[in-house]
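The values are calculated or read from the model by the stated rules, or taken from the named source; none is laboratory data. Since the structure is predicted, the reported quantities are computational estimates derived from the model, not experimental observations. No Cβ is skipped: glycine too gets one built from the backbone with ideal geometry, and neighbour counts run over all protein chains shown.
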Amino acid sequence: MAIQKGDFIRLSYTGRFDNGRTFDTTDEELAKAEGIFNTQGLYGGDVIIVGAGHTIAGLDEALEGKEIGSTDSVEVPPEKGFGLSNPKLIKTLSITKFENKKAYPGMNVEIEGRRGVVTRVIGRKVSVDFNSPMAGKTVTYEFTIQELVEGDLKKVQGLLSLYTGIRDMEVEVEDGIAMISIPTNLTFNQRWLMVKNKIANEIMKYVDLKEVQFIEKVAAEPEISAETIEAAVAEAAAPETEEAEEAAEN
């Protein structure tokens, strides 16, 4: 079965620069070996929607027409990858902008909320490139289409995993409505607050559901009696009392 736009698939991949260095992968062991392992990352393959912009354009386009289980590679130019380098994002700044008035080529900096790399230092003038480190680079992706994801529940969970990094969130799908229970740690997460509407729109568009409900659950904490608190305080103070008595005796 050939993959088409709108299909949900589980995709494993490895991205490399021209020099062969790996910059991204869904293979946990390879990530560790290459020194790019992320303790917060999910490995084993991402669930994406083909043609929905969940990966760079060059890789996304290469998926169409492929068979499930197939392995292939694609070279992606900057125009269909991470974009071209923008000369306007290379700024010349005074050395006074830098901590201790020190700067050197290759130095990573953050100035006024923007991250960049020092490219040149001449006297008291410093050139800083605020382009993405990936800008202007041609990259190669090796990829395998592991499976076609089917069923509304698995599709919704796959999308949630892609955006939140949490696998198998609690979801119920009934009568065209997806009911998603939100873990407490996500409630005030800034990234979650920014993407949850996008997730809901994609679920309704690509899973063909009519409604998405986000449910925040707060469990009641057991009450602690005054007697329990007093006992705990007394127990904590007991060692200090004993030490004081021993000191007095001595």
Sole residue being at pLDDT below 95 and farther than 29 Å from Val207 by Cα, chosen from Thr39, Thr22: Thr39
Residue satisfying condition, being among the small types (Gly, Ala, Ser) and over 22 Å from Lys5 (Cβ atoms), within set Gly58, Gly69, Gly106: Gly106
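Looking for whichever is out of contact with any Phe, Trp or Tyr (no Cβ under 9 Å at 6 or more places or on another chain) and surrounded by 16 or more Cβ atoms within 10 Å (Cβ to Cβ) here; the options are Ile145, Ile177, Ile199. Which one fits? Please lay out each step first, then the result.
Values: Ile177 fails: surrounded by 16 or more Cβ atoms within 10 Å (Cβ to Cβ); Ile199 fails: out of contact with any Phe, Trp or Tyr (no Cβ under 9 Å at 6 or more places or on another chain).
Answer to the check: Ile145.
Check whether at least one residue in the range 19-27 is among the charged types (D, E, K, R), buried (at least 19 other Cβ atoms within 10 Å of the Cβ) and either under 17 Å from Lys155 (Cβ atoms) or not assigned by TED's automatic domain parsing to the domain that holds Ile203 (or both), and report yes or no. Quick ask: steps written out before the conclusion?
We begin by selecting, within the range 19-27, every residue among the charged types (D, E, K, R); these are 21, 24, 27.
Narrowing the set further to residues that are buried (at least 19 other Cβ atoms within 10 Å of the Cβ) leaves none.
No, the range 19-27 contains no residue that is among the charged types (D, E, K, R), buried (at least 19 other Cβ atoms within 10 Å of the Cβ) and either under 17 Å from Lys155 (Cβ atoms) or not assigned by TED's automatic domain parsing to the domain that holds Ile203 (or both).
Looking at Val126, Val109, which is the one that is of a type in the set (Val, Ile, Thr) and within 30 Å of Thr55 (Cβ to Cβ)?
On the way: Val126 fails: within 30 Å of Thr55 (Cβ to Cβ).
Only one candidate passes the filter, namely Val109.
Quickly run through the range 66-93 and pick out the residues that are in contact with an Asp or Glu (Cβ under 6 Å, 6 or more places away or on another chain) and hydroxyl-bearing (Ser, Thr, Tyr). Give the derivation first.
Start the filter on the range 66-93 by keeping residues that are in contact with an Asp or Glu (Cβ under 6 Å, 6 or more places away or on another chain), which leaves 73, 90.
Listed by number, the list holds a single entry, Ser73.
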The range 63-116: number of residues that are surrounded by 14 or more Cβ atoms within 10 Å (Cβ to Cβ), assigned to a strand (DSSP E or B) and of a type in the set (D, E, K, R): 1
